[in-house]
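Report on one structure; see the data block that follows.
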2 protein chains.
Amino acid sequence: MTQPKYFGGVEGGGTKFVCMVASGPDEIVDEVRFPTTTPQETLDRTIAFFEPYVRQDQLASIALASFGPVDLHPESPTYGFITTTPKPGWANVDTIGRMRQLFGIPVAFEMDVNAAAFGEYTWVPANHACDPLVYFTIGTGIGAGLMVNGQLVHGLVHPEAGHVRLAHDWQADPFAGYCPYHQDCFEGLASGPAMGARWGQPAETLPPDHPAWELEASYIAQAMANIICTLSPQRIILGGGVMQQPHLITLVQRKVQILLNNYIQSPAILEHIDETIVLPALGSHAGVLGAIALARRAV
Amino acid sequence: MTQPKYFGGVEGGGTKFVCMVASGPDEIVDEVRFPTTTPQETLDRTIAFFEPYVRQDQLASIALASFGPVDLHPESPTYGFITTTPKPGWANVDTIGRMRQLFGIPVAFEMDVNAAAFGEYTWVPANHACDPLVYFTIGTGIGAGLMVNGQLVHGLVHPEAGHVRLAHDWQADPFAGYCPYHQDCFEGLASGPAMGARWGQPAETLPPDHPAWELEASYIAQAMANIICTLSPQRIILGGGVMQQPHLITLVQRKVQILLNNYIQSPAILEHIDETIVLPALGSHAGVLGAIALARRAV
C-alpha cells in the first residue's frame, strides 16, 4: 500500500469555488473552477472533483478555505459552518461535514483570507522570516488574514479587517459608502463595488489616469499605515481584483510613507517599502495553495 | 547555597520609574518609585535599588520594561536601547547594559505596554484563556501591547497603536490634534495632553458631565472597534491615566457596540462587552508586575 502523495485544497469564495489536487505549487495535479451556486450543488461538485482521488488513495487530507463569516472553533457544534452571511442560502451551511463523512480523511477548515496568508507564508521562501505577515484581499469585499507568532489568528471570531473605520474627507469624497453595516468603513469606501457605485462604472473599466485610483490608493494606504502601527508586520501582501490595476501598488507604497511621516524608524518602511508592501507571489492561487498547505499540516 | 527566590522588575516610564522585587503579585518584597530625570541618575537609582538583593543572591533575574521607541531585537547591537525618543537625553540610551555587566544575572528587556499586556495575561487567571489579549494605555501618550498566539508581538519594530488614524468629525470637534508626527491620529486626538489642549484645562479636572468625556469615549471606541475588526481579541484592557475617569469605560463599551452594529456576531461583543473591554485587574501595577513576569520567564 502506497502513502497518499497529494493534498486537496478548496478556496470557497462567494463568487466561485476553486478546487485543487497538488503536493504544492510545483506539482499541481488537477484544478477546477466553478461558480458558487446553491450550497447543495456547489458542495456536490466539490465532492465529485475529489472523489476519484480519494478512491485511489491519492489524497492524504483536504482543507477548505471559505468565505465568511465562519465558525473556526473546533470544539463548537457548528465548526466548519458559514454562519451569518447575507449570501442567499449560505447562512448556517456546513461546508465540510459531508466530505468528512464520505472520505474518511482529515478535512481542515479555515477562512479564505487566512488560507491565502498561510499559503504565501508557507510556499514563498522570501516570506518565511516575515512575522507578522498580513494578507489583504481588496476586491468584491475587503478582508485580511494574519500570521502572528508563527500561527494564524482566530481570536473571538476571526479578523474582519475590511470593516475598520477610516478618516473620510467628505469634501474630497462625498460618496457616502457602501457597507450595509458601517457605511463608510474601509470596505464601504474602497471595495470594487464601492468604486463602481462611486464612479458609475465598474472599477476595472476606469482608466489608469482616472482620479479614482489616487483616491483608492489613499484609503488603502490609510488602512495599511494603521495596520503597520497596530501590528508592526514585516510583510503586507495585497491581493484581490482591485489590486490588479498595475500602478495601484506603487501609489499605495508612497502614500503609506507620507502618512507615517518617518515615525516608524525602520528601513523596511523608510527605504524598502516596495519589499514590505507587495503583491501576492502566488497571484490568484494564494488562497487555494494556502488550502493545500493547511491540508498538508492537517495530516 | 539557596536558590534566589525573587525577581526584579522595572517599569521605566517617561515620567517615573517603578522598581520592584517580588515573586509575583502576592509577594511584593520591595517597591520604589522615582521621577525619570537624566539617564545616568535614573539608571543609577535603579541599580542602587536592586544591588543589595543581588549581593544577597535573592534575585534570579531582572526585566526592564521601557517607554519607547525601543530596540527589541536580541541580535541587534543596540538591543535594550531607547532609540529615537524626543525626550531630552534619552535617545540612544542603553537601559540594561550596565545591569547585565554588574549583576551577572539575566536581564530581560521589553516595551512598557507589552510588559503590561504580559502582566495581565500572566497574573490574572481570567485572562489566561484570552488570546489575542490587547493592553492599551491611554494617558500622556497612547500605546498598545499585544499577546497573540501565546506570545508578545514585536514584528518590524513594535506596535505603535496610538498612531493609527481615526475618522475625525471636524464639525463636531474642530481641535486639530496634538501629535507632532500625525496631527489628528488617536494619540493626537485622545491622549491626556490632547484633552488638556482641546478644553484648556487638565483632563483630570474636567467634571464627569463635561462633553469632553463623550467625545473622548467616541475616539477610544472607534480605536477599539477597529482593533476588534483587525485582530478579533478576546480581551481588551484599558489602562493609563485617562481611563481613571470612572464612567469612561462604560461609555466606551456602549459606543463600541453601536459602531460595530451587530456585525461581529459574538456574545463577547453583543452581550458581555463589559467582560471583553475591561480596566486592568492589576491597576497601575500592570507594567511593573509584567516586568516581574518577564524576569521569571528569562531565568
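The values are calculated or read from the model by the stated rules, or taken from the named source; none is laboratory data. Computed from a predicted structure; not experimentally measured. Cβ sites come from the backbone with ideal geometry, for glycine too, and all protein chains shown count toward neighbours.
What number of residues within the stretch B:90-116 satisfy the criterion of being closer than 15 Å to B:V54 by Cα and of a type in the set (S, T, Y)?
Going through the stretch B:90-116 one residue at a time, the tally reaches 0.
Show the residue pairs that are 6+ apart or on different chains and have beta-carbon atoms under 8 Å apart, the first residue being within the stretch A:195-208 and in contact (Cβ under 8 Å) with a residue 24 or more places away in the chain and within 18 Å of A:H168 (Cα to Cα), the second being in a helix (DSSP H, G or I) and of a type in the set (D, E, K, R).
Note: pairs meeting the criteria are A:M195/A:E216.
If the Cβ limit is 6 Å and pairs must be 6+ apart or interchain, which residue in the stretch B:94-109 that is in contact (Cβ under 8 Å) with a residue 40 or more places away in the chain pairs with which residue that is hydroxyl-bearing (S, T, Y)?
That search, which allows pairs on different chains as well, returns B:T95/B:S66; B:I105/B:S61; B:P106/B:S61.
Kindly indicate which of A:G196, A:G200, A:G240 is touching a Gly at 6+ places or on another chain (Cβ under 8 Å) and more than 14 Å from every other protein chain (Cβ to nearest Cβ).
After applying the criteria, what remains is A:G240.
Are any residues in the stretch A:118-140 in contact with a helix residue (DSSP H, G or I) (Cβ under 7 Å, 6 or more places away or on another chain), within 14 Å of another protein chain (Cβ to nearest Cβ) and among the aliphatic types (A, V, I, L, M), and if so, which ones?
Answer for the stretch A:118-140, where residues must be in contact with a helix residue (DSSP H, G or I) (Cβ under 7 Å, 6 or more places away or on another chain), within 14 Å of another protein chain (Cβ to nearest Cβ) and among the aliphatic types (A, V, I, L, M): A:L133, A:V134.
If B:A190 satisfies all but one of (1) more than 16 Å from the chain's Cα centre (by Cα); (2) under 28 Å from A:K255 (Cβ atoms); (3) away from chain A (no Cβ under 11 Å), what's the number of the condition it fails?
Exception for B:A190: condition (1).
Go through the stretch A:112-124 and give me each residue that's surrounded by fewer than 24 Cβ atoms within 10 Å (Cβ to Cβ) and of a type in the set (A, V, I, L, M).
A:V124
Collect the residues in the stretch A:1-52 that are modelled with pLDDT of 95 or more, of a type in the set (A, V, I, L, M) and outside any strand (DSSP E or B), keeping them in residue-number order.
Within the stretch A:1-52, A:L43, A:I47, A:A48 qualify.
Anything in the stretch A:260-271 that is of a type outside the set (S, T, Y) and either within 24 Å of the chain's Cα centre (by Cα) or facing chain B (nearest Cβ under 7 Å) (or both)? List them, or say none.
First, pick out the residues of the stretch A:260-271 that are of a type outside the set (S, T, Y): A:260-262, A:264-265, A:267-271.
Scanning the stretch A:260-271 gives A:N261, A:I264, A:Q265, A:A268, A:I269.
Determine which single condition A:M99 fails, assuming it passes every other condition in (1) buried (at least 21 other Cβ atoms within 10 Å of the Cβ); (2) assigned to a strand (DSSP E or B).
(2)
Would you mind finding the one in B:A144, B:A161 that is at the interface with chain A (Cβ under 8 Å from one of its Cβ atoms), closer than 18 Å to B:L282 by Cβ and at pLDDT 95 or above? So that I can check it myself, show each step before the final result.
Values: B:A161 fails: closer than 18 Å to B:L282 by Cβ.
The unique qualifying residue is B:A144.
So, in the stretch B:203-225, exactly how many residues are within 14 Å of chain A (Cβ to nearest Cβ) and touching a Leu at 6+ places or on another chain (Cβ under 7 Å)?
Taking the stretch B:203-225 first, the residues within 14 Å of chain A (Cβ to nearest Cβ) are B:218-225.
Then keep just the ones that are touching a Leu at 6+ places or on another chain (Cβ under 7 Å); that gives B:219, B:221-223, B:225.
The number of residues fulfilling the criteria is 5.
Identify, please: which residue in the stretch A:30-60 is of a type in the set (A, V, I, L, M) and under 22 Å from A:H285 (Cα atoms) and is, among those, surrounded by the fewest Cβ atoms within 10 Å (Cβ to Cβ)?
Filtering the stretch A:30-60 for residues of a type in the set (A, V, I, L, M) gives A:32, A:43, A:47-48, A:54, A:59-60.
Filter once more, so that each one left must be under 22 Å from A:H285 (Cα atoms): A:32, A:43, A:47-48, A:59-60.
Values: A:V32: 14, A:L43: 21, A:I47: 15, A:A48: 11, A:L59: 22, A:A60: 18.
Filtering the stretch A:30-60 for residues that are of a type in the set (A, V, I, L, M) and under 22 Å from A:H285 (Cα atoms), the one surrounded by the fewest Cβ atoms within 10 Å (Cβ to Cβ) comes out as A:A48.
Give B:D26, B:D30 a once-over and let me know the one that is of a type in the set (D, E) and free of Cβ contacts under 8 Å to residues at least 12 places away in the same chain. Walk me through it before giving the result.
On the way: B:D30 fails: free of Cβ contacts under 8 Å to residues at least 12 places away in the same chain.
Just a single option satisfies the conditions, and that option is B:D26.
Limited to the stretch B:177-203, what total is found for residues that are more than 30 Å from A:L146 (Cα to Cα) and out of contact with any helix residue (DSSP H, G or I) (no Cβ under 7 Å at 6 or more places or on another chain)? Can you show your working first?
First, pick out the residues of the stretch B:177-203 that are more than 30 Å from A:L146 (Cα to Cα): B:177-178, B:180, B:192-203.
Narrowing further to those that are out of contact with any helix residue (DSSP H, G or I) (no Cβ under 7 Å at 6 or more places or on another chain): B:180, B:193, B:197-198, B:200-201.
So the count comes out to 6.
Looking at the stretch B:215-248 only, could you name the residues that are β-branched (V, I, T) and within 17 Å of the chain's Cα centre (by Cα)?
So in the stretch B:215-248, the residues β-branched (V, I, T) come out as B:220, B:227-228, B:230, B:236-237, B:242.
Hits for the stretch B:215-248 are B:I220, B:I227, B:I236, B:I237, B:V242.
Across the stretch A:69-89, which residue is nearest to A:F50 (Cα to Cα) among those that are touching a residue at least 60 places away in the same chain (Cβ under 8 Å) and either over 18 Å from the mean Cα position of the chain (by Cα) or exposed (fewer than 13 other Cβ atoms within 10 Å of the Cβ) (or both)?
Ranking the qualifying residues of the stretch A:69-89, first place goes to A:H73.
Give the residues of the stretch A:226-236 that are more than 7 Å from chain B (Cβ to nearest Cβ) and under 17 Å from B:I228 (Cα atoms), sorted by residue number. So that I can check it myself, show each step before the final result.
Our first condition is that a residue be more than 7 Å from chain B (Cβ to nearest Cβ); within the stretch A:226-236, this holds for A:228, A:235-236.
Listed by number, the list holds a single entry, A:I228.
Looking at (1) in contact (Cβ under 8 Å) with a residue 24 or more places away in the chain; (2) within 14 Å of chain A (Cβ to nearest Cβ); (3) within 21 Å of B:F34 (Cα to Cα), which is the one condition that is false for B:Y53?
Only one criterion in (1) in contact (Cβ under 8 Å) with a residue 24 or more places away in the chain; (2) within 14 Å of chain A (Cβ to nearest Cβ); (3) within 21 Å of B:F34 (Cα to Cα) is unmet by B:Y53, namely (2).
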